[in-house]
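No lab work stands behind these numbers, since they all come straight from the coordinates. Just so you know, these numbers come straight off a predicted model, no measurement behind them. A quick note on method: Cβ atoms are made from the backbone with ideal geometry, for glycine too, and the neighbour counts reach across all protein chains shown.
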Amino acid sequence: MSEAAIMGTGSHVAAQTVARVATAAGASRIQFEDVSVAYGGLTVLSNLNLTVHPGEIVALIGPSGSGKTTALRAVAGFVRPSSGRILIGDRDVTDLPPYDRKIGMVVQNYALFPHMRVEENVAFGLRAQGADRRLIAGRVAECLELVGMARYAKRLPRELSGGQQQRVAIARALAVKPQVLLLDEPLSALDTQIRRSMVEEIAKLHRDLPELTVLYVTHDQSEALTLADHIGIMQDGRLQAFGETQALFQAPPSRFAAEFLGRANLLPVMHQGGGTITFGDARLGAHNPHGLGAGAALLCIRPHHLRLSPGPGLTNQLRATVTATQWQGDALHVTVQVGGETLRLTCPPMPSPPGYDAQLDLFFDPSEVTLVPEDRPHV
């Protein structure tokens, strides 16, 4: 029961039919309750508490070895927790085999059967369940229509592109009417251009199937930011941060969360209290969503919030020295030194970008930057 990513150009009728994937309200909720996983005495997932509500997309991101794929495989039934329990809806599935969990899973290497035609691949799970032949034919047609692959039903996997194979894999995952869909790095095997289009198709698929609950594991933060309702950031087997996507991006709770999600600039500052922040001789303003008291803190500044010229609201100002510039077509990336700290900024291309060792002023809006604690307890 493993597959790959998505395309959704099917008819509205097919979408409505497949949307009956989630049964009663709440049946597709995923819940981790103090879940730990250990291999040979080595703990790779530690006391995970997390809820994915019905109809949500939750993305787990983090470096390799952080525990995100282990968490997903525990939901699928391929890994058994050493402690804690996993629920899908109100069912405790901790000890159930994968085939009895009502899940669909998509992995990065497509995992299609090479000797089976598209329609046979999509029908595989239904046949394994002993479904009626007429039901199988109708269900396969619905799912292929939903992912825009109906006209490829008779082709073999080798006759399809990577993106098309992923659509077939998604159709196979949906054919068995899963309560939840698990996506494990589904786009990592694709080139950049196809990945972008597939992200759009995944978003469209979820609009067509609003009751489907999705747990999405990825290394790519742009995929997570584009698709997820909530994001969990994993490190060393623990959930370091979790929150609504925009809120987590705008107000990360720790250094690690700020650096991993969006490559933030983190400037060490002194919080004087009363809204006053200092960096050297500069007095700055910022949000303080975590209620930090007076003392050392980090100022989280996203690269696109730094400007090279003054403007309305840009009351924060720092003197900087250019150390590198990099043109990337639609954007110019500039690296600077400010008081011994390295900052990166992104701006539109300019006819004469600043050269190495050039002195310039950086301007930014206090409403767009946030105070972040150096350390934060595990969530």
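Nearest 500 deg cm²/dmol is fine: what mean residue ellipticity at 222 nm does the chain get from its DSSP H runs of n ≥ 4 alone, each adding -39,500 (n - 2.57), divided by its residue count?
The helix-only estimate for the chain comes to -7000 deg cm²/dmol at 222 nm.
Just rank Leu306, Leu146, Leu360, Leu72, fewest to most, by other beta-carbon atoms within 10 angstrom. Let's see the in-between values first.
Details: Leu306 26, Leu146 29, Leu360 15, Leu72 22.
In order of increasing Cβ crowding within 10 Å: Leu360, Leu72, Leu306, Leu146.
Using a/c under 1.5 as the rounded threshold, could you call the stretch 239-322 rounded, prolate or oblate? The axes a ≥ b ≥ c are square roots of the C-alpha gyration tensor eigenvalues, and prolate needs a/b larger than b/c, oblate otherwise. If you can, show how the numbers build up before the last one.
Working: a/c = 1.82, a/b = 1.29, b/c = 1.41.
Here the stretch 239-322 falls in the oblate category.
Compute the convex hull volume of the Cα atoms of the stretch 256-372, divide it by the residue count, and report the result per residue in Å³ as a whole number.
Values: hull volume 12.5 nm³, N = 117.
Per residue, the Cα convex hull of the stretch 256-372 comes to 107 Å³.
Using Cα pairs under 8 angstrom and six or more residues apart, how large is the relative contact order of the chain, in percent?
Values: 879 pairs, mean separation 73.1, N = 379.
Relative contact order here is 19 percent.
In the stretch 169-293, what percentage of the DSSP-assigned beta bridges are antiparallel, given to the nearest 5? If you can, show how the numbers build up before the last one.
Numbers: 12 of 17 bridges.
Here the share of antiparallel DSSP bridges comes out near 70 percent.
Given a Förster distance of 30 angstrom, what is the FRET efficiency for Asn49 paired with Arg207, based on the Cβ-Cβ distance and rounded to 0.05?
Working: r = 29 Å, r/R0 = 0.98.
FRET efficiency, Asn49 to Arg207: 0.55.
Can you tell me the dipole magnitude for the chain around its Cα centre, using point charges on the Cβ only (Lys, Arg +1; Asp, Glu -1), in Debye to the nearest 20?
Values: 34 positive and 36 negative charges, 218 e Å.
It works out to roughly 1040 debye.
Would you mind ranking Glu145, Glu341, Glu368 so that the residue whose beta carbon has the fewest other beta carbons within 10 Å leads the list? Can you show the working numbers first?
Values: Glu145 22, Glu341 15, Glu368 18.
Going from sparsest to densest Cβ surroundings: Glu341, Glu368, Glu145.
Which of rounded, prolate, oblate describes the stretch 163-321, given a ≥ b ≥ c as roots of the alpha-carbon gyration tensor eigenvalues and a/c under 1.5 marking rounded, otherwise prolate only if a/b is larger than b/c?
Values: a/c = 3.00, a/b = 2.24, b/c = 1.34.
Prolate, since a/c reaches 1.5 and a/b exceeds b/c.
How do Cys347, Cys143 rank when sorted from fewest to most other Cβ atoms within 10 Å of their own Cβ?
Details: Cys347 16, Cys143 29.
Ascending number of Cβ neighbours within 10 Å: Cys347, Cys143.
Starting from the Cα gyration tensor of the stretch 36-98, take the square roots of the eigenvalues, sort them a ≥ b ≥ c, and report rounded, prolate or oblate (rounded when a/c is under 1.5, otherwise prolate if a/b is larger than b/c, else oblate).
Values: a/c = 1.96, a/b = 1.18, b/c = 1.67.
Oblate.
Find, to one decimal place in angstroms, the Kirkwood hydrodynamic radius of the stretch 128-179, where the mean of 1/r is taken over every pair of different Cα atoms and then inverted.
Details: mean 1/r = 0.0873 Å⁻¹.
It is 11.5 Å.
If a paramagnetic tag sat 7 Å from the Cα of Gln317 along the Cα-Cβ line, which residues of the stretch 339-372 would have the backbone N under 12 Å from that point?
Residues 361-364 qualify, since their backbone N sits under 12 Å from the label point.
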